[in-house]
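A.B. asks: Pasting a structure below so you can have a look.
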Amino acid sequence: MYEFDWSSIPGALPFLWEGMKVSLGITACAVLFGIAWGTLLAMARLSALKPLAWLAAGYVNLFRAIPLVMVLLWFFLIVPQVLRGFFNLDPNTDVRLASALVGFALFEAAYYSEIIRAGIQSVPKGQISAASALGMSYAQAMRLVVLPQAFRNMVPLLLTQAIVLFQDTSLVYVSALADFFGAAYKVGDRDGRLVELLLFAGAVYFLICFAASQAVRHYQKKLNAHVAH
Amino acid sequence: MISIQNVSKHYGAFQVLTDCSTEVKKGEVIVVCGPSGSGKSTLIKCVNGLEPFQSGTISVDGISVGDPKTDLPRLRSRVGMVFQHFELFPHMSITDNLTIAQIKVLGRGRDAATDKGLKLLDRVGLKAHADKFPGQLSGGQQQRVAIARALAMDPICMLFDEPTSALDPEMINEVLDVMVELAHEGMTMMCVTHEMGFAKKVANRILFMDKGQIVEDDDKDSFFGNPRSERARQFLAKILTH
Ligand SMILES: Nc1ncnc2c1ncn2[C@@H]1O[C@H](COP(=O)(O)OP(=O)(O)O)[C@@H](O)[C@H]1O
Ligand SMILES: [Mg+2]
């Protein structure tokens, strides 16, 4: 019978917290860049310029058809070389974090763009007509009238996607970055307490994601009640 | 003011407008009526370039709408438009609805824009609702705000696309009253509407459309007295008995 021994966890908490900061940082960056880039992709897909729409559709379909872990691995292998060559960096500069961020952002943008595209399409066409009739350019109509309404409807979906993304950050272990999962793994490996550490890490992921999705549901209810009025 | 010459438009093989021509002079009120699907909305949306058309010319205040060199947003900022479903911006307060285009399109200062917006809001009888959101107003109130929003841009003419047909009957008159007042002040107006009471009161001419064509373009008295086409007669008989 396996004997659990949790004693290595309290001492490792500061190190684990550093890892958690990396995980949260990657999540925040990937969400922000994913939404920004995803918004551009969504507008490109809805654009009247067919080649632009096709390019965006190709991008989205490509990234949605390959596993995230592979994208991260490619970026881990390729991006550091490119970044070093491009910015003339010292070969010892650590660009693992940067390549993980770029990989996540580009990958998540594909998912965000689909959410955002649906959000844009949920705004009635008449709103664009009204904005145009007042003399707004297409860009103004999008920025001032359509996107604010689209985003308000989309917030729950965007947050849900952010929760998924937070879980996915554990995949950066392929680049040996010490995110929360990586940190837990290292401590467990060092102390021969892998099972305990991974159970602990799992519990932390569960608590954070469960609490966040409850918050999203609460917000969604409030939003629905508001719309029903 | 508005000149429409031999305008045709099609979606693929489907002809929506066939060789439509008419003139709206400064200060005139034109009512456009006709069965559903006859192309009234399409025609009126061609006037401010919301819908493109394949042949013919439309000019507003001497500016050609179909000319690719025309700055359409600038032209549209001078042509007011009121829609069947109001199309207020639901995420903005009434005041912001009234000022946003003044500020972002005309470049007016916020204070001047707010002043102007509130004055017009008062004029349509809704001053007390300035801080509310569109969803908190009735349909008739929303449509009056929409008219005020268009007027805030100091338009040279106004286009109305069935402004009362989405309203409960008891709210129709509050909107028509605002439109009648506008007409009496000399606003140039092109109104798609089936409100024949309104047409009798203020219209100079009536256009009757059917299957994408302007079948009648008469002054009011001869239209109501004795329409020349059988289709217009049938249409009138139908809506006037309602
Ligand atoms: N985007 C479109 N594609 C194809 N047909 C259209 C489109 N918009 C309108 N139509 C058709 O054009 C005709 C005229 O429409 P519309 O101008 O809205 O008529 P009305 O306002 O008189 O009811 C209708 O038969 C409608 O089905
Ligand atoms: Mg119509």
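The values are calculated or read from the model by the stated rules, or taken from the named source; none is laboratory data. None of these values were measured; they are calculated from a predicted model. Quick reminder, even Gly has a Cβ in these numbers, built from the backbone with ideal geometry, and neighbours come from all protein chains shown.
A.B. asks: If I filter the stretch B:18-38 down to residues being within 16 Å of ligand 2 (Cβ to nearest atom) and among the small types (Gly, Ala, Ser), which single residue comes out as nearest to B:Ala166 (Cα to Cα)?
C.D. replies: Only one residue tops the list, namely B:Ser36.
A.B. asks: Sticking with this one: Inside the stretch B:127-242, counting only helices (runs of 4 or more DSSP H) that do not spill past its ends, which hold 3 or more residues that are more than 30 Å from B:Lys116 (Cβ to Cβ)?
C.D. replies: Details: elements: B:139-151, B:169-184, B:196-202, B:220-225, B:230-241.
The qualifying helices (runs of 4 or more DSSP H) are B:196-202, B:220-225, B:230-241.
A.B. asks: Might you let me know whether the stretch B:148-162 holds any residue that is more than 12 Å from every other protein chain (Cβ to nearest Cβ), touching a helix residue (DSSP H, G or I) at 6+ places or on another chain (Cβ under 6 Å) and either at pLDDT 95 or above or buried (at least 22 other Cβ atoms within 10 Å of the Cβ) (or both)?
C.D. replies: Within the stretch B:148-162, one or more residues are more than 12 Å from every other protein chain (Cβ to nearest Cβ), touching a helix residue (DSSP H, G or I) at 6+ places or on another chain (Cβ under 6 Å) and either at pLDDT 95 or above or buried (at least 22 other Cβ atoms within 10 Å of the Cβ) (or both).
A.B. asks: So how many residues does the stretch A:138-147 have that are within 9 Å of chain B (Cβ to nearest Cβ) and crowded, with 16+ Cβ neighbours inside 10 Å?
C.D. replies: Matching residues across the stretch A:138-147 total 3.
A.B. asks: Still on this structure: Being within 16 Å of ligand 2 (Cβ to nearest atom) and not aliphatic (A, V, I, L, M), is that true of even one residue in the stretch B:54-76?
C.D. replies: Taking every residue of the stretch B:54-76 in turn, none turns out to be within 16 Å of ligand 2 (Cβ to nearest atom) and not aliphatic (A, V, I, L, M).
A.B. asks: Would you please name the residue that is nearest to the other protein chains (Cβ to nearest Cβ), looking only at residues in the stretch B:42-91 that are among the aromatic types (Phe, Trp, Tyr) and over 14 Å from the mean Cα position of the chain (by Cα)?
C.D. replies: B:Phe89
A.B. asks: Can you give me the ranges of the strands (runs of 3 or more DSSP E) entirely in the stretch B:1-97 with at least 2 residues that are in contact with a Pro (Cβ under 8 Å, 6 or more places away or on another chain) and either in contact (Cβ under 8 Å) with a residue 60 or more places away in the chain or within 16 Å of ligand 1 (Cβ to nearest atom) (or both)? Can you show your working first?
C.D. replies: Values: elements: B:2-11, B:14-24, B:29-33, B:55-60, B:79-82.
Passing ranges, in order: B:79-82.
A.B. asks: Within the stretch A:27-49, track down each residue that is under 16 Å from A:Arg117 (Cβ atoms) and part of a helix (DSSP H, G or I).
C.D. replies: Those that are under 16 Å from A:Arg117 (Cβ atoms) and part of a helix (DSSP H, G or I): A:Gly34, A:Ile35, A:Ala36, A:Trp37, A:Gly38, A:Thr39, A:Leu40, A:Leu41, A:Ala42, A:Met43, A:Ala44, A:Arg45.
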